[in-house]
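The values are calculated or read from the model by the stated rules, or taken from the named source; none is laboratory data. Remember, it's a predicted structure, so these values are computed and weren't measured experimentally. Neighbour counts run over all protein chains shown; Cβ positions are idealised from the backbone, glycine included. Accessible surface is based on the protein model in full, side chains and every heavy atom, while ligands, DNA and RNA are left aside. Shrake-Rupley method; radii C 1.70, N 1.55, O 1.52, S 1.80 Å.
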Amino acid sequence: MSGRTLSGQTTEAFWISVQHAKPLCVGLNCALGPDQMRPFMTRLSNCATCYTHAYPNAGLPNAMGGYDLSPKDMAPKLREWAMDGLVNMVGGCCGTTPDHIKAIADAVADVKPARAIPDHPNHMRLSGLEDLTITPDSVFQNIGERCNVAGSIRFKKLIVANDWGKAAEIAQKQVEDGAQLLDINFDDGMLDGEDCMRKFCNLIATEPEIAKIPMVVDSSKFHITIAGLECLQGKCIVNSISLKVGEEEFKSQAKLIRRYGAAVIVMAFDEEGQAADCEAKGRICQRAYKMLVEECNFNPVDIVFDLNILTICTGLEEHNNYGVDFIKATKIIKDTCPGAKISGGLSNLSFSFRGLEVIREAMHAVFLYHAIKNGMDMAIVNAGNLPIYDDIEPELRAMCEAAVLNTSPDATEKLLDRAEKEKERIAEIKAGGGDLVAKKAAAEWRSAPVKERLIHALLKGIDEFIELDTEEARSDTVSYPAPLNIIEGPLMEGMNTIGDLFGAGKMFLPQVIKSARVMKKAVAYLTPFMEEEKARKLAENPDMLQKKTGCVLMATVKGDVHDIGKNIVGVVLGC
């Protein structure tokens, strides 16, 4: 009794998947009796903005395949449902007879008023097997980029080799690294894009750890995006459509996307070409927004604008302001197109430095830091490769700031000089010299006091030495008389720093997840020792058993970023 549909969706994810059809009524039937079905009916009643119905079985089947709940026992249960405002219509499924239906009808005949349909705030709601609601207060959304044949050579090679299982592993790694959505693209002249899209979408639908998040169906060929929508049961995002096809075709595509119940990414592109400067980005997106909302009846919160993250530091002066143009246009669109979201393909920004990942990742972190402040909601990123803003080497960070914000005429030259040094470093590594800078940094942090090592491991998401360092701290009974002192001391200090960085937009969800895994590993190592200490104290003072302990109820949305903090607090309070 998982509370999921046969295809694996939660109640909320299912509702989000069908909500666009504006059903008269939605409900649950069969499988369960009234007692077992009630929690799931409560969830559906809370989220469905239409009438609800329920047809439970007459209990669970007995050993002979029959049903034991009699009319007089079943009817009062469904009356309770009606009285509590869970349903607008009730009936019965397996095991119910005309006598059951009459008893139920009599039991609810005088119940007035019927269930009130809830009025929820208008937020973007997406779903895979699980739901994702994006509100103005939501954290930045990472769209995993590695399942794109145009952006990942490894992924493309696996698809060409027909190694679909390994390709799915890349998708799962993106989810594990913190992607809240997953971009899927098969646009390549050597591939049958439509066939590949169907195969991959059908494959990942059987992998719950991948299919739990919403998908971004990505193609420049509209029929391929439709193929993806036909294979995915949740509410997806289509990436993308634009006005370059003309107004009539644009509206036709938008209406079909809406019919499939998907959200849409609209490229800042029109009949004259791609928007490069701030003015063009604003003008094109405002025009598209007006069409989508007024003529296609698109919900504004389901519109995402890709304002074109274009390559900077190309050596051409007219390209130097591309980062600034995107950041400024973000604010304009958020102010003039209520409800709309802003996205973009992050890797385009640093394409001038391909192969130099240290520089590229630093540029990405700096760009996001400023774009998110102006309202950017999501981006297509390599979820596992986003550095912490404050961890970028200061000189490199200053160079990236100057390049992204176009504050210095020699910003490109300075980054190009830095790129040459980076190439030399990479050449030394390939020649067998190793990365001396990285080795020196590693040696420095491993030689620091244990408190600093524990905090460093949390900030960097390094779990290799966490048990060793935790044991060293535990052995220092002067500094840490009890295992709990380690959690309340350096571990919580590290998590507090992470919270501050996350809140300031200098750290992103993938890094927080990595840090939480390190924290979890440290706490798991300490737990047996804390249990041992608790048992020893009870043996020394049996009266402790007679004391009534308090009860604290904590709850967060499962999988939400706050779930990490709740689990840590639970460990501390449990001690």
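Per residue of the stretch 218-235, what does 6.51 cos²θ - 1.76 cosθ + 1.60 with θ = phi - 60° give for ³J(HN,Hα)? Whole Hz please, x for Gly and Pro, Karplus curve as stated.
Calculated HN-Hα couplings, in order: 10, 6, 7, 10, 4, 5, 6, 5, 5, 4, x, 4, 6, 9, 10, 7, x, 8 Hz.
Share of the stretch 1-129's accessible area from carbon and sulfur, percent, 1.4 Å?
59
Would you grab the residues whose amide H sits under 5 Å from the one on ASP277? Only those 5+ places off in sequence or on another chain, please, with H modelled 1.01 Å from N.
HN-HN under 5 Å from ASP277: empty list.
In whole Hz, with x marking every Gly and Pro, tabulate ³J(HN,Hα) for the stretch 172-177 from phi via Karplus 6.51 cos²θ - 1.76 cosθ + 1.60, θ = phi - 60°.
Per-residue couplings from phi come out as 5, 5, 4, 5, 4, 7 Hz.
In whole percent, and with a 1.4 Å probe on the protein chains, what portion of the accessible area of the stretch 365-478 is carbon and sulfur?
Ligands and nucleic acids excluded, carbon and sulfur give 54 percent.
Over the chain, average the accessible area per residue using a 1.4 Å probe and give it in Å², no decimals.
Values: 27820 Å² over 575 residues.
So the chain comes to 48 Å² accessible per residue, rounded to a whole number.
Quick one: accessible surface of LYS22, probe radius 1.4 Å, all protein chains present, in square angstrom to the nearest 10.
Answer for LYS22: close to 150 Å² accessible.
With a 1.4 Å probe and every protein chain kept in, tell me what percent of the accessible surface of the stretch 230-272 is carbon plus sulfur.
Here carbon and sulfur together make up 40 percent of the probe-accessible area.
What list of ³J(HN,Hα) couplings, whole Hz, do you get for the stretch 80-94 from phi and the Karplus terms 6.51, -1.76, 1.60, once you set θ to phi - 60° and write x for glycine and proline?
4, 4, 5, 5, 7, x, 8, 9, 9, 9, 9, x, x, 10, 3
What is the local net charge at LYS451, summed over the other residues whose Cβ is closer than 12 Å to its Cβ (Lys, Arg +1; Asp, Glu -1)?
Its environment carries a net charge of -4.
Between LYS255 and ARG287, what FRET efficiency comes out of the Förster formula 1/(1 + (r/R0)^6) with R0 = 25 Å and r the beta carbon distance, rounded to 0.05?
The calculated FRET efficiency here is 0.90.
What residues qualify as long-range amide H neighbours of PHE298, i.e. H under 5 Å apart, gap of 5 or more or another chain, H built at 1.01 Å from N?
Placed amide hydrogens put VAL293 under 5 Å from PHE298.
Note the full-extension length gain between GLU471 and LYS166 as 0.36 nm times their separation in residues minus their Cα-Cα distance, in nm to one decimal.
This chain segment gains 106.1 nm when fully extended.
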